[in-house]
Amino acid sequence: MAVLKRGKKEEEKVLDIDASMQGNLVFKDPVTLRIQGKFEGRLETRGVLIIGENAEVKADIVGEEMIVAGKVNGTLTATKEVRIIPPAKVKAELKSPLLHIERGAIFNGLCQMPSETTNSKSIFSLEEMANYLSVDIASLTSWAEQGKIPAFREANTWKFEKTKIDEWISAGKLT
């Protein structure tokens, strides 16, 4: 599918996985990711994540938009929305500003729906940022204390604004 962006034709990036996978996957660029098989681990994605009706996923997932039709067990954190469609069976802690559960789909778990204004700022804790950057907490704490990474203190804990971190990464300061 082609998308027109600022006068340029840009190809949509689609990754379709129909296999058993285990581990940590991080997508820094927007992509449409379809999981049709089994996945276990941690997944961070930008763009649209589609979990097919035959998929079995045991994972902690962080992303923008998610469409779930398969079996999911874990945590789902979306910055835009989560759609749960039949025949989905979801057992999860879910955090998203928008949630759609269609008739015939099953959701068991906890749900938090932060306001979109809070969510758009995306303030991360020390642990969340360490996971986001795939670095250990001790290194991240050291960087924050030395002023090497954009951070601020709130109630004696380090906090990170996602947009500032993304700009910092784009400037090539993460080495």
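The values are calculated or read from the model by the stated rules, or taken from the named source; none is laboratory data. As the structure is a prediction and not an experimental result, all values here were calculated from the model. Heads up, the Cβs are rebuilt from the backbone with ideal geometry, glycines too, and the neighbour counts pull from every protein chain shown.
A few notes on this one:
- Meets criteria (surrounded by fewer than 14 Cβ atoms within 10 Å (Cβ to Cβ), at pLDDT below 95 and under 22 Å from Val57 (Cβ atoms)) for Ser134: yes
- The residue pairs whose first member lies in region 131-150 and is closer than 17 Å to Lys164 by Cβ, whose second member is modelled with pLDDT of 90 or more and β-branched (Val, Ile, Thr), and whose beta carbons are closer than 6 Å, counting only pairs six or more residues apart or on different chains, are Trp143/Ile149.
- Any chance Val62 is more than 17 Å from Lys13 (Cβ to Cβ) and out of contact with any Asp or Glu (no Cβ under 9 Å at 6 or more places or on another chain): no
- Filtered residue count, region 47-57, keeping only those that are part of a strand (DSSP E or B) and of a type in the set (D, E, K, R): 1
- Residue match in region 143-163 (condition: closer than 25 Å to Ser96 by Cβ and assigned to a loop (DSSP other than H, G, I, E, B)): no
- Qualifying residue in region 39-52 (condition: in contact (Cβ under 8 Å) with a residue 40 or more places away in the chain, of a type in the set (D, E, K, R), within 28 Å of Lys173 (Cα to Cα) and in contact with a Phe, Trp or Tyr (Cβ under 9 Å, 6 or more places away or on another chain)): yes
- The condition of being among the charged types (D, E, K, R) and free of Cβ contacts under 8 Å to residues at least 24 places away in the same chain does not hold for Lys159.
- Condition check for Val48: within 14 Å of the chain's Cα centre (by Cα) and either surrounded by 18 or more Cβ atoms within 10 Å (Cβ to Cβ) or not polar (S, T, N, Q) (or both): yes
- Note on region 58-110: enclosed strands (runs of 3 or more DSSP E) holding 3 or more residues that are surrounded by 17 or more Cβ atoms within 10 Å (Cβ to Cβ) are 71-84, 89-95.
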